[in-house]
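Before any comments, here is the structure.
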Amino acid sequence: MVMNKAPETDAMYDVAIAGGGYVGLSLALALKTGDAGLKVVVVDPKPMNVLDKDPRASAIAAAACRMLDSLGIWEQIRDGAQPINEMIVTDSKLRDVVRPVFLTFGAERKEGDESEPFAHMVPNGLMLPALYEKAQALGVDFEAPDTAASFATSGSGVRITLASGKALSAKLLVAADGVRSRLRDLAGIRTVHWDYGQSGIVTTVSHERPHNGRAEEHFLPAGPFAILPLPGNRSSLVWTERTEDAKRLVASDDFTFEIELERRFGHHLGKIELGGPRNAYPLGLTLARDFVRPRFALAGDAAHGIHPIAGQGLNMGFKDVAALAEVLVEAHRLGQDVGAMDVLERYQRWRRFDAFQMGVVTDVLNRLFSNDNDVLRAARDFGLGLVDRMPFLKSRFISEAAGLAGPAPRLLSGQSI
């Protein structure tokens with residue numbers, strides 16, 4: 001690769017992270033919070049001073065909220081977040097006048113004397129700057145805007161060449177550069193991938209009546225239509241359509257878009273109006289066959305891109321962060337090499353099976369619900385109704401949604417590493 005200028009003298013780090021989104025920033029913060037002696041750098045193609053311009057919002061499960069609290073930023077963003085106090089699930093055809101509710105999740109998940117919502121909707125414009133500012137305050141270095149263009153590993157480390165011509169050296173390179181990760185390809189890690197022929201339309205609406213913290217998931221023949229509550233009389237939408245229809249809708253004028261939106265949204269919250277830009281993102285399943293290579297690890301969407309039907313994509317990335325940070329911090333405390341393969345294998349054993357399992361679950365759910373087959377509809381509606389009538393099963397579903405089922409890294413339990 002031809003560079004514009006000769007590489008400068010390498011800067012030396014323990015961990016270099018390619019990607020300054022949620023996963024990259026929270027990993028940098030978790031590492032420095034766990035062990036201030038770790039030298040960490042984040043490389044990202046966008047400047048860090050535009051993070052507050054992101055108009056979208058994300059569903060953050062209870063376990064991830066506990067992690068953000070442990071990292072010292074939850075207090076800063078909590079007042080701007082919207083608790084999800086209830087969730088309903090319907091299954092109908094688009095032309096149906098009535099959408100019967102088959103499954104309802106109660107307001108709170110209780111443990112002993114404590115109670116907490118199983119998720120919050122957090123505006124990206126709040127969370128990303130909070131992560132960046134805290135990481136910067138703890139001594140994380142940033143190379144932005146810049147891109148990790150290539151890298152070469154050796155027995156003692158990895159040398160990363162940036163698009164600007166600068167070079168960095170680290171014991172470990174973590175690729176948190178998204179589902180189309182170029183670094184994953186450069187590392188020779190193959191993926192399991194298929195396209196669903198669907199796209200997710202993401203936008204924000206305002207409405208006359210309050211949502212009272214209720215989220216709604218409407219299963220329609222083209223795919224799920226999710227209404228997620230935001231602060232005030234506003235909601236975030238994740239609207240799944242066949243890709244050709246999604247492109248047509250996004251390109252249409254506001255009047256046409258709002259007519260189609262109203263058919264799916266309904267009138268229970270009164271008059272609705274568009275409250276932000278609309279964008280469509282192609283949906284597919286991408287699972288990395290390996291999460292690690294010598295001196296190299298994947299995290300977030302670079303390791304697993306799944307369908308948003310269960311709302312677990314970002315929360316899986318936070319699980320990666322909690323597991324990888326715990327493994328690396330403990331290794332560093334013991335004087336071990338954080339980029340050594342035996343250290344990285346601990347992370348892979350912790351996260352790869354869970355990611356594959358969630359990928360299979362979301363794939364099956366999408367295929368089961370994104371169709372207009374009356375026999376399948378009858379079977380799945382019976383199953384939803386059965387879960388709704390069985391407290392044990394419902395509690396299990398809520399725990400899974402909250403990210404609190406099974407053994408978890410310490411950060412996801414609200415503990416420090």
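Numbers at a glance
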{"quantity": "Subset of region 51-82 (residues that are within 11 Å of Ala130 (Cα to Cα) and assigned to a loop (DSSP other than H, G, I, E, B))", "calculated": "Leu71, Gly72, Ile73"}
{"quantity": "Filter result for Val387 (crowded, with 20+ Cβ neighbours inside 10 Å and touching a helix residue (DSSP H, G or I) at 6+ places or on another chain (Cβ under 6 Å))", "calculated": "no"}
{"quantity": "Residue, surrounded by the most Cβ atoms within 10 Å (Cβ to Cβ), within region 175-191, restricted to residues that are in contact (Cβ under 8 Å) with a residue 60 or more places away in the chain and under 18 Å from Lys46 (Cβ atoms)", "calculated": "Ala176"}
{"quantity": "Test: Trp194 is in contact with a Phe, Trp or Tyr (Cβ under 7 Å, 6 or more places away or on another chain) and either of a type in the set (Phe, Trp, Tyr) or surrounded by fewer than 16 Cβ atoms within 10 Å (Cβ to Cβ) (or both)", "calculated": "no"}
{"quantity": "Per-region count, region 41-80, residues crowded, with 18+ Cβ neighbours inside 10 Å and in contact with a strand residue (DSSP E or B) (Cβ under 8 Å, 6 or more places away or on another chain)", "calculated": "14"}
{"quantity": "Subset of region 122-138 (residues that are touching a residue at least 24 places away in the same chain (Cβ under 8 Å) and of a type in the set (A, V, I, L, M))", "calculated": "Val122, Leu126, Met127, Leu128, Ala130, Leu131, Ala135, Leu138"}
{"quantity": "Selection from region 25-56 of residues that are closer than 21 Å to Ser416 by Cβ and not aliphatic (A, V, I, L, M)", "calculated": "Ser26, Lys32, Thr33, Gly34, Asp35, Gly37, Lys39"}
{"quantity": "Residue list for region 148-161, filter: surrounded by fewer than 20 Cβ atoms within 10 Å (Cβ to Cβ) and of a type outside the set (Gly, Ala, Ser)", "calculated": "Thr153, Arg159, Thr161"}
{"quantity": "Selection count, region 190-223, where residues are part of a loop (DSSP other than H, G, I, E, B) and among the charged types (D, E, K, R)", "calculated": "3"}
{"quantity": "Test: residue in region 385-396 that is within 25 Å of Leu68 (Cβ to Cβ) and at pLDDT below 90", "calculated": "yes"}
{"quantity": "Condition met for Glu143 (at pLDDT 95 or above and over 22 Å from the mean Cα position of the chain (by Cα))", "calculated": "yes"}
{"quantity": "Answer residue from region 141-174, given it is part of a loop (DSSP other than H, G, I, E, B) and touching a Gly at 6+ places or on another chain (Cβ under 7 Å) and is nearest to Asp44 (Cα to Cα) among those", "calculated": "Ala144"}
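The values are calculated or read from the model by the stated rules, or taken from the named source; none is laboratory data. Predicted, not measured: the structure shown is a model, and the values here were computed from it. So basically every Cβ, Gly included, is an ideal-geometry build from the backbone, and we count neighbours across all protein chains shown.
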